[in-house]
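Some notes on the structure that comes next.
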């Protein structure tokens, strides 16, 4: 199923590093599990430094298959960098 396929409800994951840690998983591992559950997109959220956020975005984007977008908001420097 495509993210933009007409008539389909997109399902996307909004990451939360703290909740992932409480579950005993990294954000990247949580994203992998969500991919196997047929998500359509990932929104990466991170409350730490820009450098930590960029690292997390790179980890997530490295495991995303083609067709699953990574949504980055609130951090223009990361999304453009």
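Only counting other Cβ atoms within 10 Å, I'd like 19, 64, 13 sorted with the fewest neighbours first.
On the way: 19 12, 64 16, 13 21.
Least crowded to most crowded, the residues run 19, 64, 13.
Please order 17, 58 by the number of other Cβ within 10 Å, starting at the fewest.
Details: 17 18, 58 12.
Least crowded to most crowded, the residues run 58, 17.
Evaluate the distance, in nm, between pseudo-label points positioned 7 Å from the Cα of residue 70 and of residue 36 along their respective Cα→Cβ axes.
Simple spin-label model gives 2.1 nm for this pair.
Please give the length that would be gained between residue 58 and residue 11 if that part of the chain were fully extended, namely 0.36 nm times their separation in residues minus their C-alpha to C-alpha distance (nm, one decimal).
On the way: separation 47, 0.36 × 47 = 16.92 nm, distance 2.13 nm.
Separation in residues times 0.36 nm, less the Cα-Cα distance, equals 14.8 nm.
A short reminder: the numbers here are calculations on the coordinates, not readings from a lab. If you're wondering where the values come from, they're calculated on a predicted model, not measured in any experiment. Every residue, glycine as well, gets a Cβ built from its backbone with ideal geometry; the counts of neighbours run over all protein chains shown.
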